[in-house]
Amino acid sequence: MTLGRPLLALTLAAPVLCPLPALAQALNNPGTATIEANVVKAAPLPASPENIASLKLPAGFVIETFAEGLGKPRVIVVAPDGALYVSDRDAGTVTRIDPAKPSEPQVVLRKRDVHGLALHEGRLFYVTVRSVYSAPLNKDGALGPETEIAANLPDAGQHPNRTIAFGPDGMLYASLGSTCNECEERNPENATMVRMRPDGSGREIVASGLRNTIGFDWQPQTKALYGWDDGVDWLGDDQQPEEFNRIEAGKAYGWPYIFGPGMKNLYREPPKGTLEDWDKASERPLLTWTAHASSMQMVFYDAGQFPKEYRGDAFVTMHGSWNRKPPSGYEVLRVRFENGEPRSVEPFVTGFLKEGGPSGWSRFARPFGLAVAKDGSLYLGDDQHGIIYRISYRG
């Protein structure tokens, strides 16, 4: 199988047949392949009470609107006092929401392209495309003077959604996605996970070959780092699956030469060695999910409101596909863990995607943000309608 760019103009729900010659500079992997790629864009629907009531969750769980009118909320983090801090990359804002007054959001920061957020020792850390900043949290929840702690992050290209989080080692981790669908990067920090001290010093690459790992977190019992990596486009409806990885220092995860469980990218040839060499050196995903579902924020659950069997499991939002027929994503998934190890993936919240509309499909949310509330419920952000939902267990 080869990888390339679409050769025909695309229309909604139109299949694209791409006869792709396996061309690369060295031409060491001759062959041809034909890939059928579909573009299906689900039409927007209102987040009406009827649509929200149609959502499906496991027995005992309830979803309800928590806050509205938030533009395009992206990353959500929860402060020790229970307040939410929510980024909006398009608006260039960070908004604070007091859970006691969700209808009175307060913009605490205006910064172009701000996206990833993290809280650490009384400070809010935030990242734009090229820089990481921090600012102290005042007693009223506003921010004090900011400090730029890291500059000269690599160009983002296709993937400007930088995300950050603090690990058990006290280091600040940052996911720096690839600039493209599949290409040979010139900056060694692209398509990697990096880490640095809270003051920005000691920046180093932790793991490479990660196309775009927006959602990542540490399993509370084992302290192991896991992340969801988004697969490449234009390989057809079922390739490449979204992959769930244990991210370990010094490991490589395949991209751009090896995809998912071992698919070779015959369109590219490594500058050193062979595809077989790269394959042997690449880690395999532990679990996978439907191709093109587009994983976003991920969080491990270590609170007490949900039933005991949810402790130590992970939740992740799936933003939704645009190049798959039928569409995938538009949901929240649960990753089940047993004895500290991932075992399976299953739907947790579904129903945002519906049949019908000009392309055959419609949706009333694009899930993105996800965070555990102080009371143990889950906050779920929708950047289509500017809504944050609250998911609670009532038994």
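The values are calculated or read from the model by the stated rules, or taken from the named source; none is laboratory data. What you see is a predicted model, and the numbers here were worked out from it, not measured in a lab. No Cβ is skipped: glycine too gets one built from the backbone with ideal geometry, and neighbour counts run over all protein chains shown.
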Q: Within the stretch 275-304, count every residue that is polar (S, T, N, Q) and either closer than 18 Å to R336 by Cβ or exposed (fewer than 15 other Cβ atoms within 10 Å of the Cβ) (or both).
A: 3
Q | K72, sole failed condition from (1) touching a residue at least 40 places away in the same chain (Cβ under 8 Å); (2) under 14 Å from R390 (Cβ atoms); (3) surrounded by fewer than 21 Cβ atoms within 10 Å (Cβ to Cβ); (4) of a type outside the set (S, T, N, Q) | A | (2)
Q | The listed residue being of a type in the set (K, R), touching a residue at least 12 places away in the same chain (Cβ under 8 Å) and crowded, with 21+ Cβ neighbours inside 10 Å, out of R89, R130, R110, R123 | A | R89
(Q) Considering only the stretch 118-137, I want to know if a residue exists there that is in a loop (DSSP other than H, G, I, E, B), hydrophobic (A, V, I, L, M, F, W, C) and under 23 Å from V78 (Cβ atoms). (A) no
**Q.** Boolean, E309 is of a type in the set (D, E, K, R), at pLDDT 95 or above and closer than 30 Å to G395 by Cα
**A.** yes
Q: Go through the stretch 168-183 and give me each residue that's of a type outside the set (V, I, T) and closer than 14 Å to P154 by Cβ.
A: A174, S175, L176, G177, S178, C180, C183
Q | Exclusive hit being touching a strand residue (DSSP E or B) at 6+ places or on another chain (Cβ under 8 Å), farther than 20 Å from Y379 by Cα and at pLDDT 95 or above, set A91, A142, A83, A118 | A | A142
Q) Which residues, taken from the stretch 290-308, are out of contact with any helix residue (DSSP H, G or I) (no Cβ under 6 Å at 6 or more places or on another chain) and part of a loop (DSSP other than H, G, I, E, B)? A) T290, A291, H292, A293, S294, D302, A303, G304, Q305, F306, P307
Q. Got at least one residue in the stretch 375-390 being of a type in the set (K, R) and assigned to a loop (DSSP other than H, G, I, E, B)?
A. no
Q: Can you confirm whether the stretch 348-355 contains a residue that is part of a loop (DSSP other than H, G, I, E, B) and either out of contact with any Cys (no Cβ under 8 Å at 6 or more places or on another chain) or not hydroxyl-bearing (S, T, Y) (or both)?
A: yes
Q) For the subset of the stretch 133-145 comprising residues that are without any contact (Cβ under 8 Å) to a residue 40 or more places away in the chain and closer than 20 Å to M171 by Cβ, which member is surrounded by the most Cβ atoms within 10 Å (Cβ to Cβ)? A) Y133
Q: Return yes when P256 is surrounded by fewer than 23 Cβ atoms within 10 Å (Cβ to Cβ), modelled with pLDDT of 95 or more and in a loop (DSSP other than H, G, I, E, B) and no when it is not.
A: yes
Q. Tell me, which strands (runs of 3 or more DSSP E) lie completely within the stretch 6-71 with 1 or more residues that are at pLDDT 95 or above and closer than 30 Å to G369 by Cα?
A. 32-39, 61-67
Q) Of the residues that sit in the stretch 322-365 and are in contact with a Ser or Thr (Cβ under 7 Å, 6 or more places away or on another chain) and buried (at least 20 other Cβ atoms within 10 Å of the Cβ), which one is nearest to E50 (Cα to Cα)? A) E331
Q) Condition test on S178, is it of a type in the set (S, T, Y), in contact (Cβ under 8 Å) with a residue 60 or more places away in the chain and under 30 Å from Q239 (Cα atoms)? A) yes
